1. Go through the range 11-26 and give me each residue that's within 12 Å of residue 49 (Cα to Cα), touching a strand residue (DSSP E or B) at 6+ places or on another chain (Cβ under 7 Å) and of a type outside the set (A, V, I, L, M).
2. Restricting to the range 133-166, name every residue that is closer than 18 Å to residue 86 by Cα and acidic (Asp, Glu).
3. Take residue 215 and tell me if it is within 27 Å of residue 151 (Cβ to Cβ) and modelled with pLDDT of 95 or more.
4. Does residue 75 fit the bill of being over 18 Å from the mean Cα position of the chain (by Cα) and more than 21 Å from residue 32 (Cβ to Cβ)?
5. If we scan the range 161-169, do we find a residue that is in contact with a Gly (Cβ under 7 Å, 6 or more places away or on another chain) and buried (at least 21 other Cβ atoms within 10 Å of the Cβ)?
6. So which of 132, 179 is closer than 22 Å to residue 35 by Cβ, surrounded by fewer than 24 Cβ atoms within 10 Å (Cβ to Cβ), modelled with pLDDT under 95 and not aliphatic (A, V, I, L, M)?
7. For the structure I just gave you, tell me whether residue 145 is surrounded by 17 or more Cβ atoms within 10 Å (Cβ to Cβ) and on the phi > 0 side of the Ramachandran plot.
8. Identify all residues within the range 2-15 that are surrounded by 17 or more Cβ atoms within 10 Å (Cβ to Cβ) and assigned to a loop (DSSP other than H, G, I, E, B); write none if there are none.
Amino acid sequence: MNKPHIDFNCDLGEGIGNDAAILPFVSSANIATGGHAGDDISMRETMLLCLQHGVAIGAHPAYPDREHFGRRELQLAPAEIHATVLAQLRRMADVAGDIDGARLHHVKPHGALYNQAARDPLIAEAIARAVRDHDPRLRLVGLSGSALPAAGQAIGLQVVHEVFAERRYEDDGSLTPRRHADASIDDIELAVQQVQRLLSDSQVLSRQGHLVDVVADSVCLHGDRADAVSFAQQLHAAIVGSGYVISAIGAEH
């Protein structure tokens, strides 16, 4: 009997310094493209590490707001969002073009842009169009069941419904805003329990104590945590222990 597959992704290339230690445990990387963090040098270094570990290379575009690490909502028009995402994708593709074997596999927005795209169809559409305009073969990663994968699917993109290992959820399926002290799960055992429920039941326990249905194509771990390497190792073990094969979307066979 064939085992089910799940993608395990992490946000990398953000200047934290732990990329090489995390990559052995994940199947996909979302690499900062210069909006909230990163530059041509860090993109190249992270892509080379991904190739060494057989990890799918993804772009992680963000609002151009390095001061706030892309986690502050900006009020940009959809046309401006389309332009900045497209520019960041082109920049990363240019870097990849100089590396033998490197190619972009997926796109996942970062931070505030990701969260706004989850709830605002106009922002979601602007991002989806930028991805399509750059390369319609790229997969678009967004919060499970939200406006972003819906927008991608509407224009013919392959979409990936993402769930989070160490973020708390609200009753409506959105992520708990970071202004709340309990927005992140810092206990690895609780994170493991959340992932196990996501995989076995396609549900997550909300901050309010209710079970919320989700679609889980990919599990995300944030690489900017101080304990990200330990979390990556233990979550990898928990996923494999649950009977899953960890592999990038599209690499299941």
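1. 13, 19
2. Correct list: 133, 135.
3. Yes; evaluated as a whole, the condition is true for this residue.
4. Details: over 18 Å from the mean Cα position of the chain (by Cα): yes; more than 21 Å from residue 32 (Cβ to Cβ): yes.
Yes.
5. yes
6. Details: 132 fails: modelled with pLDDT under 95.
So the residue among 132, 179 that is closer than 22 Å to residue 35 by Cβ, surrounded by fewer than 24 Cβ atoms within 10 Å (Cβ to Cβ), modelled with pLDDT under 95 and not aliphatic (A, V, I, L, M) is 179.
7. On the way: surrounded by 17 or more Cβ atoms within 10 Å (Cβ to Cβ): yes; on the phi > 0 side of the Ramachandran plot: yes.
Criteria met by residue 145.
8. Of everything in the range 2-15, those that are surrounded by 17 or more Cβ atoms within 10 Å (Cβ to Cβ) and assigned to a loop (DSSP other than H, G, I, E, B) turn out to be 13, 14.
The values are calculated or read from the model by the stated rules, or taken from the named source; none is laboratory data. Here the structure is a predicted model, which means the values were calculated and not measured. Heads up, the Cβs are rebuilt from the backbone with ideal geometry, glycines too, and the neighbour counts pull from every protein chain shown.
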